[in-house]
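To keep things clear, I will list the structure first and then write my remarks on it.
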Amino acid sequence: MDDADLDAQAMLRVAAGDRRAFAWLFDRYHASVARFALRFVGNRERAEELTQDIFVKLYRNARAYQPTARFKTFLFRVATNHCLNEVRRGEYRAPHAPDADDTEGREMEGPRGDRPDAALEGRELERAVSEALAGMSARERAAFTMCRFEGMAYRDIADALEASESAVKSLIHRATLAVARRIEALQAGTVPARSRA
Amino acid sequence: MSCDDVDDLTAYVDGELPPARDAQVRAHLRACAACRATEALLRDTVARLAELPAFEPSPATRRAVLAKLDALPMSWPERMRTWLRPAVLWPSAGLVAVLAVSLLMPRPGPDAPLALEDASVMELAANLELAEDYELLGLDSMADLEVVADLHELEVVQ
């Protein structure tokens with residue numbers, strides 16, 4: 001039985017009220033959901049709140065799960081819908097940049113974070129990505145995040161977004177190009193001083 | 001492919017194109033420097049994104065989610081699971097069995113004989129009989145008490 005089957009079996013047990021199965025799924029996926037939420041809203045505290053809400057919603061809607069669908073796709077559909085609804089309410093518009101200023105969080109250090117110049121590069125890169133994300137549409141941000149940070153296939157992202165693969169291809173291309181241009185500008189030193197501060 | 005099909009470049013970098021389309025894009029890239037530059041930019045960006053640190057949520061998130069689930073009203077499947085736990089099921093089943101047996105046992109009517117195995121009932125009955133004998137004979141002296149006490153033995157002898 002592969003991981004996807006184990007997930008599906010666990011989710012069916014959750015639908016029958018098994019909380020241990022839910023805890024198992026939570027442990028497997030909560031970091032992914034939290035990363036997704038963070039990229040979506042750009043704020044750690046709010047990302048953790050959203051993660052909690054998403055898993056509670058997952059639990060409450062467990063009986064809607066059909067084992068023919070990949071569990072991760074189902075989970076990210078719940079996560080995407082929840083985050084889109086939150087953004088539509090207008091509470092979390094464009095708060096991406098502030099967290100990029102966070103220099104005390106250990107998680108801001110990249111793989112080369114032991115060198116001061118590399119750590120600075122990591123923060124600048126984080127800032128460039130955060131600002132690019134803030135400038136995207138919500139669906140571009142969702143598609144980009146699932147693709148680049150969760151490694152999901154276009155087909156699964158299309159399922160999660162309830163969109164065509166062709167639409168997802170365009171969303172991911174536009175989003176990736178936007179981030180690429182931002183990083184390019186950063187490297188060329190043409191990012192506005194206000195943004196780089 | 002032409003330069004207008006630029007959407008395909010990212011899908012090409014991600015390995016998401018069907019084989020035939022993938023070959024067309026590769027052929028176009030050999031001939032088009034502008035698209036090659038875009039492809040290089042996209043590849044570099046995808047590689048740079050892998051350098052971003054992972055976000056690890058606080059362990060408190062797990063506790064908070066489980067607490068929120070505890071606060072939810074129980075669904076029917078959850079209630080069934082709770083009721084069917086051995087710690088609840090066996091004592092409950094025992095209680096139900098005792099109640100069922102007591103309800104199903106035939107109740108004695110008003111004229112039914114007393115159960116012989118109940119010692120306290122038997123003692124009460126004997127004392128009642130003795131009291132009736134006292135009342136019948138009257139108690140004028142201690143000798144009457146002795147007569148009453150031996151009365152049933154006399155009946156047996158007869």
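Where a number appears in this text, it was derived from the coordinates with a stated rule and is not lab data. Owing to the predicted nature of the structure, the values given are computational and were not obtained by experimental measurement. Heads up, the Cβs are rebuilt from the backbone with ideal geometry, glycines too, and the neighbour counts pull from every protein chain shown.
Counts of other chain beta carbons within 10 angstrom of each beta carbon in peptide A:144-156 average 2. Once the chain from A:E124 to A:D5 is taken as fully extended at 0.36 nm per residue, the excess over their C-alpha distance is 38.8 nm.
Bridgeable lysines around A:K57 (alpha carbons under 18 Å apart, same-chain partners fewer than 8 residues away excluded): A:K72, B:K68. Couplings 3J(HN,Hα) for segment A:6-11, derived from phi with the Karplus relation 6.51 cos²θ - 1.76 cosθ + 1.60 (θ = phi - 60°), are 4, 4, 4, 5, 4, 5 Hz, where x marks Gly and Pro. Relative protection proxy for A:43-51, B:98-106, from highest mean packing down: A:43-51, B:98-106 (other beta-carbon atoms within 10 angstrom).
Note on B:39-52: average number of Cβ atoms from other chains within 10 Å of each residue's Cβ is 6. For the peptide B:60-70, the mean number of other protein chain Cβ atoms found within 10 angstrom of a residue's Cβ is 6. The length gained by stretching the chain between B:A40 and B:V98 to full extension, at 0.36 nm per residue less their Cα-Cα distance, is 12.8 nm.
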